[in-house]
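The values are calculated or read from the model by the stated rules, or taken from the named source; none is laboratory data. These numbers were taken from a predicted model, which means no experiment stands behind them. Neighbour counts are summed over all protein chains in view; Cβ atoms, including those assigned to glycine, are modelled from backbone coordinates with ideal geometry. Heads up: the accessible areas ignore ligands, DNA and RNA and are worked out on the full protein's heavy atoms, side chains in. Shrake-Rupley method; radii C 1.70, N 1.55, O 1.52, S 1.80 Å.
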Amino acid sequence: MTDTSDGAFRRKHLLGLEELSREEVENILDTAKSFREVIGRQVKKVPSLRGVTICNAFFEPSTRTRLSFELAEKRLSGDVINFSASGSSVSKGETLKDTIRNIEAMAVDMVVLRHGASGAPHYVAEHVDACVINAGDGFHEHPTQGLLDIYTMRAHKGKLDGLRVAIVGDVAHSRVARSNIWGLKKFDADITLVGPQTLMPREIERMGVRVTHLLDEALEACDVVVVLRLQLERMESGFLPSIREYARTFGLERRHIVKNPNLLVMHPGPINRGVEMEAAVADGPESVILEQVANGVAVRMAVCFLTWRANGIEMAAALPGA
Ligand code: CP
């Protein structure tokens, strides 16, 4: 059992934000702030993970998460290998457990895992000695995305307590929405979910959020809007009458921003331009979408550093006579 009573992050794995305390989240955000400063230097590298081997194992497509983990690991001086399910022996029927255990057999210390099945990182963590970091599992969680979103909100708004956040769109299929909710609720943020009934999980209000279908009203009364990607690849037919109707009802337009000039506009990417938001919003002055990406590197440096340090502490404590 991990002792988290003093708030310091001492977990060998990062599997989700649900199980973290407010203090642990703050510890990660503060560590990320230090690494943001490192990234701004001419030499953007520290030796924290020298000698540590990390495998980024991606069983689903990714641009931002995979590249920013790789960059984060290299900026910490880790040795990095990358695995993509496409083109691998997964196509010959090799199981997830066998794949990861074979990767670990090559003396890999840390596995960053993206998988389409909810709970896959938890399952892997039970079967390997390596640290496991969840880079997105099914509909469950995308904890480093949640952390980088919350980091970006705190950097711009100066606080998280009581922050009014609207999360718009395909909540039903969104692990990003769940990680944002779990993370933000630790700070008593005021969260409103906006979207069609068919894209709202049943009983989502139990997470302590409000649900509405009225985009205009929600946007006028919030400080931050997180617009979600419409996850068409995870949808069966019948969720939406048409993409055009969805865009007309729930797409973010400049007219929304004009009514609330202090609104911070966020999106985890990739954006379906003209569907979830018009280009003038995505590229407008209120948008911090590319800053989210930049912050993602610092947040992932913090997560890799802290999990590895926790692993080291546990290993040291396990030494005979320690
Ligand atoms: N936000 C996010 O997870 O993007 P990728 O799928 O490109 O990693």
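Ranked from the most accessible area to the least, with a 1.4 Å probe and all protein chains present, what is the order of Phe83, Phe139, Phe58?
Order by accessible area, largest first: Phe139, Phe83, Phe58.
Of the solvent-accessible surface of the stretch 92-232, computed with a 1.4 Å probe and all protein chains present, 48% belongs to carbon and sulfur. Work out the FRET efficiency for Glu220 and Gln42 from their Cβ-Cβ distance, taking R0 = 51 Å, and round it to the nearest 0.05. Once rounded, the FRET efficiency stands at 0.70.
Normalised by the number of residues in the stretch 169-322, the mean separation of alpha-carbon contacts (under 8 Å, six or more apart) gives a relative contact order of 20 percent.
The GluC sites (Glu not before Pro) of the stretch 185-254 meeting both criteria, a DSSP state outside H, G, I, E and B (loop) and at most 13 other C-beta atoms within 10 angstrom of the site's C-beta, are Glu203, Glu236.
Counting only alpha carbon atoms, the long axis of helix 143-157 and the longest principal axis of the chain meet at about 60°.
Net charge of the neighbourhood of Val132, taken over other residues with C-beta under 12 Å away and scored Lys/Arg +1, Asp/Glu -1, is -2.
Shape verdict for the stretch 1-75, please, from the Cα gyration tensor: rounded (a/c under 1.5), prolate (a/b greater than b/c) or oblate. Because a/c hits 1.5 or more and a/b fails to exceed b/c, the stretch 1-75 counts as oblate. Over the stretch 47-199, what is the percentage of antiparallel beta bridges among all DSSP beta bridges, to the nearest 5? So the antiparallel bridges in the stretch 47-199 amount to around 5 percent. Using only Cα atoms, tell me the angle between helix 22-39 and the longest principal axis of the chain; keep it within 0 to 90° and round to the nearest 10. It is inclined by approximately 80 degrees. Between Ala280 and Asp30, the FRET efficiency estimated from the beta carbon spacing at R0 = 45 angstrom works out to 0.80. Accessible area per residue for the stretch 143-293, computed on protein heavy atoms with a 1.4 Å probe, is 42 Å². For the set Arg255, Arg206, the ranking by accessible area, highest first and with no ligand, DNA or RNA atoms included, is Arg206, Arg255 under a 1.4 Å probe. Taking label points 7 Å from Cα along the Cα-to-Cβ direction, Ser88 and Val258 give a separation of 5.0 nm. Three semi-axes describe the equivalent ellipsoid of the stretch 143-293; taken as square roots of 5 times the Cα gyration tensor eigenvalues and ordered largest first, they are 21, 18, 14 Å. So in the chain, what percent of DSSP beta bridges are antiparallel if you round to the nearest 5? Taking every DSSP beta bridge within the chain, about 5 percent pair in antiparallel fashion.
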